[in-house]
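To start, the structure itself, in structure tokens.
The values are calculated or read from the model by the stated rules, or taken from the named source; none is laboratory data. No experiment lies behind these values; they were computed from the predicted model shown. In this analysis, Cβ positions are derived from the backbone assuming ideal geometry, glycine residues included, and neighbour counts consider all displayed protein chains. Heads up: the accessible areas ignore ligands, DNA and RNA and are worked out on the full protein's heavy atoms, side chains in. Shrake-Rupley method; radii C 1.70, N 1.55, O 1.52, S 1.80 Å.
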Amino acid sequence: SDNSEIQNPGRKDNSGRSLLCNIPFLLMTVGNIPFAMAIYISYTYLPSMAVQSGLSFSDASFLISVVGISNSVGRLVSGWLADLRWTTPLGITIITTAAACMFCSLLPSGQHWSLLVLTSVFGFSISAGPTVSTPLLVDLLGIKNLNTAFGILTFARGLAALVGPSAAGFILDSFSANFFLPFYIGSALFGLSAFLHLIIWCLSRNTFVRRDGYLSL
């Protein structure tokens, strides 16, 4: 067995199929589906909702840039927070996803400057989930399973990004033309994602793979 380990130093402990039998990882994957759906629903319908709230087309389009800028800042901050000893990637994910749930539901109530502020905070709050997913996977599964696990997670996110806006558009066409509705749907999806990650915390708080051996770069 020693020779096989030398010949295959990159061998992973589990196959993709066995990873899908890992309950915390399965919950994380499922939890990322509503998270990604909510993000892309919000991106897609934010300008239309802003126009419905009274903003001009140019100001409404500018809100996408505001989300992007605050999201970039949030990724830097959340990455720094995840590296601190008194924080955990899972804790950051739960808190920021719950915050995204709240601010997504508040976006339709914004008017002009308040909408700009809400959009900035919303963009900041949704940045942490994708940023800390890599260290969270390491905590849950160990570094050897990171490549396979991240591939599965990325596939789930891509599928959600494809389905989310289309599903929201179908609901708008079938039930209501009010562009506030997608944000209430997004808020519910963020809430579901936060709840699933909270279950992961309840199941895995005593079984995380520790990262004490990491070196600061």
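In table form, for the structure just shown:
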quantity: Sole residue being over 16 Å from A100 (Cβ atoms) and at pLDDT 90 or above, chosen from I126, I200, I143, I171; calculated: I200
quantity: Residue within segment 148-169 that is open to solvent by 50 Å² or more (accessible area, probe 1.4 Å), among the charged types (D, E, K, R), within 22 Å of G79 (Cα to Cα) and part of a helix (DSSP H, G or I) present; calculated: no
quantity: Any helices (runs of 4 or more DSSP H) falling wholly within segment 53-147 and containing at least 2 residues that are open to solvent by 50 Å² or more (accessible area, probe 1.4 Å) and without any contact (Cβ under 8 Å) to a residue 40 or more places away in the chain; calculated: 57-82, 89-106, 113-125
quantity: Of all residues making up segment 172-200, the number that are under 30 Å from G54 (Cβ atoms) and not in a loop (DSSP other than H, G, I, E, B); calculated: 14
